[in-house]
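Novice: Could you have a look at this structure, given as structure tokens, before my questions?
The values are calculated or read from the model by the stated rules, or taken from the named source; none is laboratory data. These numbers were taken from a predicted model, which means no experiment stands behind them. Every residue, glycine as well, gets a Cβ built from its backbone with ideal geometry; the counts of neighbours run over all protein chains shown. Protein only, heavy atoms only, side chains kept; ligands, DNA and RNA dropped before computing areas. Shrake-Rupley method; radii C 1.70, N 1.55, O 1.52, S 1.80 Å.
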Amino acid sequence: MARSSSSKSQRQKKLTHYLAGNPLLKDEDLARLLGVSIQTIRLDRAELSIPELRERMKTALQGNSPVRSLGSDELFGELLNIVVGQFGVSRLKITPEMTFRKNLVARGHHLFAQANSLAVAIIDAEVALTGSARVVFKHPVKAGDQVIARAQIHSQEENRYIVKVVSMVKESIVFEGTFTVFALDEEENS
């Protein structure tokens, strides 16, 4: 019996770890990752007081800082969480219109746009512009996939920010980028 409770404890720790890294994982995804049934995941979540996906999404959005550098319609993807001046998380559902017709693989500029707009959004300035970007497409993304992008300010020197962005589909990294973003004063923009 001790072995069973030990494995349950380890599974619940892993469950908590996975959800800390990606709060938008579905019960089905968690069950696959942990090698258990969906019902087991639901029981574990209930025991740990972890809400279902919809509630986790609402919680992630509460307390968001207002984005200054972009209009709400300029962010590519759905903003899930942001602390301006630190980090941000967005989600992009890949539709067939975003893919090549021949193979339904997402066109790279959609992944880039999600990452770039998120990198700009986390800058605490009225105007922020991308100066350069080094990007790597790691794995093809298909129609129907949900891409979760996480941007974090890595360093800052005066008005120059280095922002790292990692985009994932489930547990696979599909895109990585390092963006140099400049915050401009209102006077420079006029």
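Novice: Output the residue which, of all residues in segment 93-127 that are free of Cβ contacts under 8 Å to residues at least 60 places away in the same chain, within 14 Å of Glu74 (Cα to Cα) and among the aliphatic types (A, V, I, L, M), is most open to solvent (accessible area, probe 1.4 Å).
Specialist: Per the stated criteria, the residue is Ala113.
Novice: Let me ask another. So which residues in segment 131-190 are crowded, with 17+ Cβ neighbours inside 10 Å, under 12 Å from the mean Cα position of the chain (by Cα) and β-branched (Val, Ile, Thr)?
Specialist: Val147, Ile148, Val165, Val169, Val174
Novice: Follow-up. If a residue has to be assigned to a strand (DSSP E or B), modelled with pLDDT of 95 or more and of a type outside the set (Lys, Arg) to count, how many in segment 77-115 make the cut?
Specialist: The total comes to 4.
Novice: Suppose we keep only residues that are acidic (Asp, Glu) and not in a strand (DSSP E or B) within segment 126-162. Which one would you say is nearest to Leu70 (Cα to Cα)?
Specialist: Glu126
Novice: Of the conditions (1) under 18 Å from the mean Cα position of the chain (by Cα); (2) of a type in the set (Gly, Ala, Ser); (3) modelled with pLDDT of 85 or more, Ser65 clears all except one; give me its number.
Specialist: Going through the list (1) under 18 Å from the mean Cα position of the chain (by Cα); (2) of a type in the set (Gly, Ala, Ser); (3) modelled with pLDDT of 85 or more, Ser65 breaks only (3).
Novice: Here's another thing I want to ask about it. Please enumerate the residues belonging to segment 9-40 that are in contact with a Ser or Thr (Cβ under 9 Å, 6 or more places away or on another chain) and either basic (Lys, Arg) or modelled with pLDDT under 80 (or both).
Specialist: Hits for segment 9-40 are Arg11, Pro23.
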